[in-house]
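Remarks on the structure that follows.
The values are calculated or read from the model by the stated rules, or taken from the named source; none is laboratory data. Treat the numbers as computed from the prediction; the structure is a model and nothing was measured. Neighbour counts run over all protein chains shown; Cβ positions are idealised from the backbone, glycine included. Only protein heavy atoms, including side chains, enter the accessible area calculation; ligands, DNA and RNA are left aside. Shrake-Rupley method; radii C 1.70, N 1.55, O 1.52, S 1.80 Å.
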Amino acid sequence: MIITSERLTLEKITPLRISRGTSSNSVNLFVTVEHEGICGFGELAPNSVSGDTAETGEADLESLRPALNAIAPWELDRIEEVLRALDSTASGMEGVGSGGAVKAAIEMACHDWLGKKWGVPIWKLLGLDRARIVETSVTVGIQSPTDAATQTRDWHTRTGARVLKIKLGSSEGIEADQAMFAAIQEAAQTFSKPAVFRVDANGGWSVADAQKMIPWLAARGVEYVEQPLEQGNEDGLSALRPAVIPIFLDETIRVAADVPKVVGRIDGVNVKLMKCGGLREALRIIAVAKAHGLKTMLGCMGETSLAITAGAQIGAAFDHLDLDSHLNLKNDPFIGADWHEGKVIPQNSPGLGVAER
């Protein structure tokens, strides 16, 4: 197979501020796999936690291209074996990093190719039922209470979404978090249907802050809290048990092997294609999580409709979804999964079912 790539700078409608910083744009890498006259498409969105960028993705592709060119897109086991070189800096390949995002792009493109070759959508190929897909959340970043209320109303006006993922962990402290959350709840009272609230602190709280905030949020109807403590402080999670609402982990969970390490201290895991390296590893994480009685959610990075649609292909396998980044782009270059009553629904077209605008 022949693999090529192209960069594109994406601009957000509303800059997204989380506990680690603010993002108003990103440079994503789009990968094309060509074989037997069929093209499959994949996407790399930058991952600030692992350091994956369009530049590192290009370097990884250059290093691995000779091996990948000798493999056909349907040989997913062989492709995965080649991509394991990205798991270790001891691989001896200059420029090769953690590679979760570029793995996802390549594997995504191969799945798209397979679906097109066989004339079926990926969700059917994997034996999933898209009717089981739940509503996705839309994200409100850290900002002033007034601006957060405005964005909350704007989300609902533009999309009709009623499930809100609220970013907390403000550098101004938990009092600022509480003021912003209260403003969002008040704004959501205007929704046509009752709002659902979820919170993501992106590791922005200390143990003491989390011990105060989690009960405070529970009393205000929040469904769950995501990544309350920073990555690396997993031992601190024990101090939050028993939790009055479920605790999910995001940054801490990259691949399936990470899940057993935190069993007993959490209630669920957040899976992202750009972290784990693609659809196959995402499904492995689900299997391990469910074996340990944990809930699952599928999230996203700063992705276009291409990668969001790839996630939607396996959306039916998850308990919760957070597939909204494409809705906050000024220049999404793709048309993909349908948006219907707050749900991201993959189409019945072969492969990913994505087209260029």
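So how many residues does the range 257-288 have that are over 25 Å from Val31 (Cα atoms) and either part of a loop (DSSP other than H, G, I, E, B) or aliphatic (A, V, I, L, M) (or both)?
Total satisfying the criteria: 12.
Could you list all residues from the range 286-304 that are within 16 Å of Glu43 (Cβ to Cβ), open to solvent by 10 Å² or more (accessible area, probe 1.4 Å) and in contact with a strand residue (DSSP E or B) (Cβ under 7 Å, 6 or more places away or on another chain)?
Residues satisfying the conditions are Met301, Gly302.
Would you mind telling me which numbered condition in (1) surrounded by fewer than 22 Cβ atoms within 10 Å (Cβ to Cβ); (2) touching a residue at least 24 places away in the same chain (Cβ under 8 Å); (3) touching a strand residue (DSSP E or B) at 6+ places or on another chain (Cβ under 8 Å) Leu283 fails?
Here Leu283 meets the rest and fails (3).
Evaluate the following for Leu64: is it farther than 30 Å from Gln143 by Cβ and buried (at least 20 other Cβ atoms within 10 Å of the Cβ)?
For Leu64, the condition - farther than 30 Å from Gln143 by Cβ and buried (at least 20 other Cβ atoms within 10 Å of the Cβ) - is met.
The conditions are (1) touching a Cys at 6+ places or on another chain (Cβ under 9 Å); (2) in a strand (DSSP E or B), and Val344 fails exactly one of them. Which is it?
(1)
Can you name every residue in the range 138-160 that is under 24 Å from the mean Cα position of the chain (by Cα), of a type in the set (Val, Ile, Thr) and either over 20 Å from Asn202 (Cα atoms) or open to solvent by 60 Å² or more (accessible area, probe 1.4 Å) (or both)?
If the condition is that a residue be under 24 Å from the mean Cα position of the chain (by Cα), of a type in the set (Val, Ile, Thr) and either over 20 Å from Asn202 (Cα atoms) or open to solvent by 60 Å² or more (accessible area, probe 1.4 Å) (or both), then Thr157, Thr159 are the ones that fit.
I'm trying to understand the selection: among the residues of the range 247-264, which are of a type outside the set (Gly, Ala, Ser) and either under 21 Å from Ser325 (Cβ atoms) or crowded, with 19+ Cβ neighbours inside 10 Å (or both)?
Hits for the range 247-264 are Ile247, Phe248, Leu249, Asp250, Glu251, Thr252, Ile253, Arg254, Val259.
Tell me, yes or no, whether the range 239-252 has at least one residue that is in a helix (DSSP H, G or I), within 21 Å of Ile285 (Cα to Cα) and of a type outside the set (Val, Ile, Thr).
no
Filter the range 189-205 for residues that are surrounded by fewer than 22 Cβ atoms within 10 Å (Cβ to Cβ), among the small types (Gly, Ala, Ser) and modelled with pLDDT of 95 or more and give the result.
Ala195
Going through Gly221, Gly204 one at a time, which residue ends up being in contact (Cβ under 8 Å) with a residue 24 or more places away in the chain and either within 23 Å of Ala316 (Cα to Cα) or touching an Asp or Glu at 6+ places or on another chain (Cβ under 9 Å) (or both)?
Result: Gly204 is the single residue among Gly221, Gly204 that is in contact (Cβ under 8 Å) with a residue 24 or more places away in the chain and either within 23 Å of Ala316 (Cα to Cα) or touching an Asp or Glu at 6+ places or on another chain (Cβ under 9 Å) (or both).
Please go through the range 305-333 and give me each residue that is over 16 Å from Lys12 (Cβ atoms), free of Cβ contacts under 8 Å to residues at least 40 places away in the same chain and open to solvent by 10 Å² or more (accessible area, probe 1.4 Å), ordered by number.
Of everything in the range 305-333, nothing turns out to be over 16 Å from Lys12 (Cβ atoms), free of Cβ contacts under 8 Å to residues at least 40 places away in the same chain and open to solvent by 10 Å² or more (accessible area, probe 1.4 Å).
Wholly within the range 116-219, which helices (runs of 4 or more DSSP H) include no fewer than the required count, namely at least 2 residues that are in contact with a Pro (Cβ under 6 Å, 6 or more places away or on another chain)?
Hits in the range 116-219: 174-188.
Just one of Leu164, Leu168, Leu229 is buried (at least 21 other Cβ atoms within 10 Å of the Cβ) and either out of contact with any strand residue (DSSP E or B) (no Cβ under 8 Å at 6 or more places or on another chain) or not hydrophobic (A, V, I, L, M, F, W, C) (or both); which is it?
Leu229
Being in a helix (DSSP H, G or I) and not aliphatic (A, V, I, L, M) is the filter here, so list the residues in the range 19-71 that pass it.
Glu55, Thr56, Gly57, Glu58, Asp60, Glu62, Ser63, Arg65, Pro66, Asn69
Of the conditions (1) free of Cβ contacts under 8 Å to residues at least 60 places away in the same chain; (2) over 12 Å from Ile247 (Cβ atoms), Ile214 satisfies every one except a single condition; which number is it?
So Ile214 meets the others, but not (2).
Can you tell me which condition Glu186 does not meet? The list is (1) surrounded by 15 or more Cβ atoms within 10 Å (Cβ to Cβ); (2) acidic (Asp, Glu); (3) within 20 Å of Ser137 (Cα to Cα), and all the others hold.
Just one mismatch for Glu186, condition (1).
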